[in-house]
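Here is the structure we will look at, set down as structure tokens.
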Amino acid sequence: MTGRRNADLTKTAILRAARERFAAQGYERTTIRAVAADAAIDPSMVMRYFGSKERLFDAALAVDLRLPDLTAVPAGELPAALVRHFVERWEGDPADDALLVLLRSAVTNERAAARMREVFAAQVAPALAAALGPERAARAAGLVAAQLLGLGLSRYLLRLPGVAALTPSEVVAGLAPALAATLARP
């Protein structure tokens with residue numbers, strides 16, 4: 001049991017270090033050696049568990065948005081619920097959030113961009129479809145993604161002062177009306 005626990009701890013340390021490196025430097029500039037140094041292990045251990053930088057990147061970017069059941073949310077509260085969900089998630093530990101790592105990497109790496117499209121197509125679009133119906137959700141999903149990812153980019157990656165200085169409640173209050181307008185589009 002101790003060996004398995006140590007293996008799990010090592011993999012967790014590697015993935016955390018990888019997410020932080022990929023978030024700070026992007027895919028191209030991140031090295032296996034740097035990840036290993038950050039995790040305080042030998043680089044061979046990274047290769048043992050993940051086999052390559054590409055597979056480490058894929059594992060580090062396994063994104064579960066953990067969206068709540070949006071069908072239970074009244075239509076008028078849906079925009080605020082979505083913004084609040086993403087803000088609460090990112091406020092926890094943005095450096096270890098695979099979605100933010102993916103966002104940073106997607107700008108310069110086509111593999112990451114494809115993964116981002118997959119995440120939103122497989123998780124956000126169906127959640128919106130369940131809440132709004134498939135036709136409305138299909139029209140709104142891309143713009144909802146743009147607004148939420150724009151929030152992540154401006155607040156947590158670029159740290160734009162006007163956005164970073166807001167409290168989480170102010171972010172929800174400010175962005176929810178824009179999301180409401182998007183969701184209300186015919």
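A compact table of results
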| read-out | value |
| --- | --- |
| Residue with peak Gaussian network fluctuation, the chain [Cα springs, cutoff 10 Å], from Ile41, Ile14, Ile32 | Ile41 |
| With all protein chains modelled, accessible area of Met47 [1.4 Å, Å²] | 80 Å² |
| Rounded to the nearest 10 Å², the accessible area of Asp38 at probe 1.4 Å | 80 Å² |
| 3J(HN,Hα) from dihedral phi, segment 155-161, Karplus parametrisation 6.51/-1.76/1.60, rounded to Hz, x for glycine, proline | 8, 9, 9, 7, 6, 4, x |
| Of Gly76, Gly92, Val124, farthest towards positive along the dipole that unit charges on Lys, Arg, Asp, Glu beta carbons give segment 39-158 | Val124 |
| Magnitude of the charge dipole, the chain, Cβ model with Lys/Arg +1 and Asp/Glu -1, debye to 20 | 380 debye |
| DSSP H segments from the chain that extend 18 Å or more along their own axis, Cα-based, with Kyte-Doolittle mean of -0.5 or above | 78-92, 134-151, 168-184 |
| C-alpha center-to-center spacing [segment 1-64, segment 103-147] in angstrom | 26 Å |
| Portion, in percent, of the accessible area of the chain that falls on carbon or sulfur, probe 1.4 Å | 58 percent |
| Gaussian network model of the chain, springs between alpha carbon atoms under 10 Å - residue of Val101, Val172, Val163 with greatest fluctuation | Val163 |
| DSSP-loop trypsin sites (Lys or Arg not before Pro) across segment 66-163, with at most 13 other Cβ within 10 angstrom | Arg66, Arg159 |
| Probe 1.4 Å, accessible area per residue of the chain, Å² | 51 Å² |
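The values are calculated or read from the model by the stated rules, or taken from the named source; none is laboratory data. Please read all numbers here as calculations on a predicted model, not as lab measurements. We place every Cβ from the backbone using ideal geometry, glycine too, and count neighbours over all the protein chains shown. Each accessible area value is taken on the protein alone, full model and side chains, heavy atoms only, with ligands, DNA and RNA left out. Shrake-Rupley method; radii C 1.70, N 1.55, O 1.52, S 1.80 Å.
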